[in-house]
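Working notes, beginning with the structure itself.
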Amino acid sequence: MGFVHRSWLRNQGYPDDHFRGKPVIGICNTWSELTPCNGHLREFAEFVKKGVLEAGGFPLEFPVMSLGETIMRPTTMLFRNLVSMDVEESIRANPLDGIVLLTGCDKTTPSTIMGACSVDLPTIVVPGGPMLNGKFRGGEIGSGSFNWAIKEGQKTGEFSDEDLLEAEICASRSQGHCNTMGTASTMATMAEVLGLTLPNASSIPAVDSRKKVMAQLAGRRIVDMVREDLTLSKILVRKAFENAIKVNAAVGGSTNLIIHLQAIAGRIGVALKLQDFDDLGSDMPLLVNLMPSGKYLMEDYFYAGGLPVVMKELGDLIEQNIITVNGKTFTENYAKAPCYNRDVIYTRDKPLQENAGIAVLTGNLCENGAVIKPSAASKKLMQHTGRAVVFETMEDYHDRIDDPDLDIDENCVIVLKGVGPKGYPGMPEVGNVDLPEKLILKGVKDMVRISDGRMSGTAYGTVVLHISPESTIGGTLALVENGDLIELDVPARKLQLLVDDEELQRRRDNWQAPEPMATRGYVKIYIDHVQQADQGADLDVLVGKSGSKVDRDLH
Ligand code: FES
């Protein structure tokens with residue numbers, strides 16, 4: 001039997017001793033030329049392999065589906081759970097003892113961690129790292145955040161088509177993922193806070209030679225983790241998830257953390273509710289001055305000292321004595337972390353902002369919850385009642401938003417339906433829809449916008465997201481009509497549709513569910529099984545883990 005397994009592998013030139021009791025390390029690579037943020041991970045895999053070999057392991061690299069945020073349609077979120085299945089089954093079906101996950105662009109981090117959790121082998125994450133700072137005409141521009149500014153600038157005439165062309169390459173001038181504290185940086189930070197990376201791995205720029213060193217050291221470390229049987233479930237304890245919620249507030253991280261962290265918790269078997277994000281995170285101070293909440297970029301953050309400084313600064317606000325992949329606690333790893341720039345990383349005594357975490361809203365418009373990121377919102381709109389201007393679908397929005405006759409002003413509430421997990425399908429990052437051109441030209445910078453969709457981690461505005469239940473399954477959002485009054489009260493955590501119960505019941509009785517967006521294939525499976533946003537939008541059949549054991553042989 002061993003002959004078949006070994007002989008065919010040996011066609012790649014492995015020496016005999018590789019098969020004599022060495023830990024076999026799977027290097028799960030999300031490299032793809034279609035995922036530009038991960039385009040350098042083939043090279044990184046070679047550094048991981050060096051480390052594995054040095055530590056006496058046998059490295060075998062394997063590809064999984066890769067999710068490129070800027071290219072895939074309709075949204076990478078539709079495929080996060082599919083990638084997690086690919087990762088889970090690839091790990092379990094092959095004779096692997098330990099796993100290195102090479103990640104980068106937004107969904108490549110949560111999807112691979114979710115899959116690995118369902119197998120629960122010793123696992124280490126190697127984050128691909130952010131791009132260098134964007135440089136444009138003497139100033140700094142951040143990935144994603146600049147897109148929103150330039151889109152508005154085009155409408156006001158501030159930017160021409162030529163400006164846009166020049167800005168393209170200036171914004172993305174090195175390998176790596178988005179250089180703002182967008183979703184990719186948030187997810188890399190999350191991986192480090194969960195204890196799944198080597199210390200200070202998350203913010204090293206992709207092109208910095210220290211990133212390669214980190215990849216090599218991760219290769220060495222995973223071999224020892226196998227020998228120590230340091231599995232994911234020994235690291236991913238409830239306190240680790242609580243830390244991730246708290247630190248996300250302190251770094252001004254993306255709202256996308258919510259659904260990804262909940263999905264990961266669901267796989268490893270830790271109970272995490274939507275309300276936990278408010279209870280644990282909303283009082284946390286914002287310490288990191290990075291776009292989109294602040295002014296700097298990930299490169300500056302790394303030079304200032306990165307996550308170790310933040311973790312040390314938070315002190316007893318977080319649990320410091322939990323184990324990480326290097327076998328040490330955060331106290332041991334980060335106790336001496338020096339800060340080199342206090343304009344980038346603030347102190348706990350003088351934070352950039354108090355109470356910076358995500359707020360979870362309830363009310364008749366979101367029976368199972370909705371979220372808003374106050375640090376990215378306008379203070380003056382945090383308590384606001386406005387007239388609803390309703391768009392039934394994303395296409396309806398595109399058709400009418402710039403119609404000069406659209407009855408809308410800056411006090412209205414833009415309501416977008418049909419962009420939830422089942423409805424779009426895949427819950428795209430469209431919640432921060434552009435304001436109507438006629439209001440932008442008037443100088444309006446922000447309006448309340450509500451939807452069952454998500455928002456890019458690089459975006460900003462008074463945007464209520466993740467409304468659950470979504471409109472497509474008959475949540476109250478489906479019943480909102482033009483002219484209804486909507487009350488947003490973030491301090492009171494309320495989102496209310498000011499329509500009486502009798503009228504709402506009348507509308508509910510007349511409501512008809514839209515036709516499903518797919519009748520076959522993976523998308524049908526997704527629509528049939530995806531959970532709502534307040535639960536993490538995993539497929540119901542994927543929640544939990546099955547371990548690494550396969551009871552039946554291949555013949
Ligand atoms: Fe890949 Fe932003 S597009 S990280």
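The values are calculated or read from the model by the stated rules, or taken from the named source; none is laboratory data. These numbers were taken from a predicted model, which means no experiment stands behind them. FYI the Cβ positions are ideal-geometry reconstructions off the backbone, even for glycines, and counts take in every protein chain you see. Heavy atoms of the whole protein, side chains included, go into the accessibility calculation; ligands, DNA and RNA do not. Shrake-Rupley method; radii C 1.70, N 1.55, O 1.52, S 1.80 Å.
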Worksheet item: Counting only residues that are in a loop (DSSP other than H, G, I, E, B), more than 16 Å from the ligand (Cβ to nearest atom) and under 21 Å from residue 360 (Cβ atoms), which one in the stretch 447-463 is modelled with the lowest pLDDT?
Response: 461
Item to complete: Specify the residue that is most open to solvent (accessible area, probe 1.4 Å); the eligible residues are those in the stretch 144-168 that are free of Cβ contacts under 8 Å to residues at least 40 places away in the same chain and under 21 Å from residue 185 (Cβ atoms).
Response: 168
Worksheet item: In this structure, is residue 85 modelled with pLDDT of 95 or more, closer than 21 Å to residue 523 by Cα, within 16 Å of the ligand (Cβ to nearest atom) and open to solvent by 10 Å² or more (accessible area, probe 1.4 Å)?
Response: no
Response to the item:
Scanning the stretch 390-405 for residues that are assigned to a loop (DSSP other than H, G, I, E, B) and within 14 Å of residue 453 (Cα to Cα), the one least open to solvent (accessible area, probe 1.4 Å) turns out to be 393
Discussion item. With the structure loaded, tell me whether residue 92 is in contact with a Ser or Thr (Cβ under 8 Å, 6 or more places away or on another chain), more than 17 Å from residue 219 (Cα to Cα), within 16 Å of the ligand (Cβ to nearest atom) and part of a helix (DSSP H, G or I) or whether it fails that test.
Written reply: no
Practice prompt. Please work out which one of (1) β-branched (Val, Ile, Thr); (2) within 19 Å of residue 284 (Cα to Cα); (3) away from the ligand (no atom under 16 Å from the Cβ) is the condition residue 231 fails and give its number.
Written response: (2)
Worksheet item: Which of the residues belonging to the stretch 329-341 are over 25 Å from the mean Cα position of the chain (by Cα), without any contact (Cβ under 8 Å) to a residue 24 or more places away in the chain and surrounded by 13 or more Cβ atoms within 10 Å (Cβ to Cβ)?
Response: 331, 332
Worksheet, complete the sentence: Filter the stretch 43-61 for residues that are in a helix (DSSP H, G or I) and among the aliphatic types (A, V, I, L, M); the one that is farthest from residue 175 (Cα to Cα) is 53
Worksheet item: Looking at (1) aromatic (Phe, Trp, Tyr); (2) surrounded by fewer than 22 Cβ atoms within 10 Å (Cβ to Cβ); (3) in contact with a helix residue (DSSP H, G or I) (Cβ under 9 Å, 6 or more places away or on another chain), which is the one condition that is false for residue 303?
Response: (3)
Worksheet item: So which residues in the stretch 503-515 are assigned to a loop (DSSP other than H, G, I, E, B), free of Cβ contacts under 8 Å to residues at least 40 places away in the same chain and not hydrophobic (A, V, I, L, M, F, W, C), if there are any at all?
Response: 512, 515
Fill in: Selection status of residue 152, assigned to a helix (DSSP H, G or I), within 15 Å of the ligand (Cβ to nearest atom) and of a type in the set (D, E, K, R)
no
Item to complete: Give the residues of the stretch 408-434 that are in a loop (DSSP other than H, G, I, E, B) and free of Cβ contacts under 8 Å to residues at least 60 places away in the same chain, sorted by residue number.
Response: 408, 409, 410, 411, 412, 419, 430, 431, 433
Fill in: Selection from the stretch 517-542 of residues that are in contact (Cβ under 8 Å) with a residue 60 or more places away in the chain, open to solvent by 70 Å² or more (accessible area, probe 1.4 Å) and in a loop (DSSP other than H, G, I, E, B)
517
